[in-house]
Amino acid sequence: GGGETSGGQQDVRDIYAGIQSSVLRGVCVLFTRVIPLGAPPEEHLMWRLAESLGASCTTQQGAQVTHVVTREAADGSRTGKVRWGEQEGKHVVTLAWLRACAHLWRRVEEAPFAPPEAPATEAAPE
């Protein structure tokens, strides 16, 4: 035997950590417009949040990326990484998606968290 004498508190924390770290298992996040240029990405709160939920994070576009996570732009403009994600069929979502996953402890549907489209300021050429 043994081990039973340690308080049950730690076990509960382990269970929670286990659940939390499986929320985004298999997800690979590429951030854009989130981490300031020159800042160490792995120290950013959102990077750490994604990893705590079981996702892996990268700074490089590539096949491993499943989600491009961006800060909403008021003008609806797209970064190169967002356009790349859209072209490659990746999930492109705002930070609100990551927060919702953390809040609800599950991977939520991505579609409602797509960044808003840019307002049509000019007609597309025919």
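Taken together, the values in this text are just the output of simple stated rules run on the coordinates, not laboratory data. Since the model is a prediction, treat every value here as computed from it, not as a measurement. For neighbour counting, all protein chains shown are included, and Cβ atoms are generated from backbone atoms with ideal geometry for every residue, glycine included.
Below, the figures for the structure above:
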quantity: On Cα atoms only, tilt of 8-20 relative to the major axis of the chain in degrees; calculated: 20
quantity: Rounded to 10°, Cα long-axis angle of helix 95-104 versus longest principal axis of the chain; calculated: 30
quantity: Estimated 222 nm signal from helices in the chain, with DSSP H stretches of n ≥ 4 weighted -39500 (n - 2.57), rounded to 500; calculated: -9000 deg cm²/dmol
quantity: Summed side-chain charge close to residue 71 - residues other than residue 71 whose Cβ falls under 14 Å, Lys, Arg +1, Asp, Glu -1; calculated: +2
quantity: For the chain, alpha-carbon Rg over 2.2 N^0.38 Å; calculated: 1.31
quantity: Label point distance in nm, residue 58-residue 79, each placed 7 Å from Cα along Cα→Cβ; calculated: 1.6
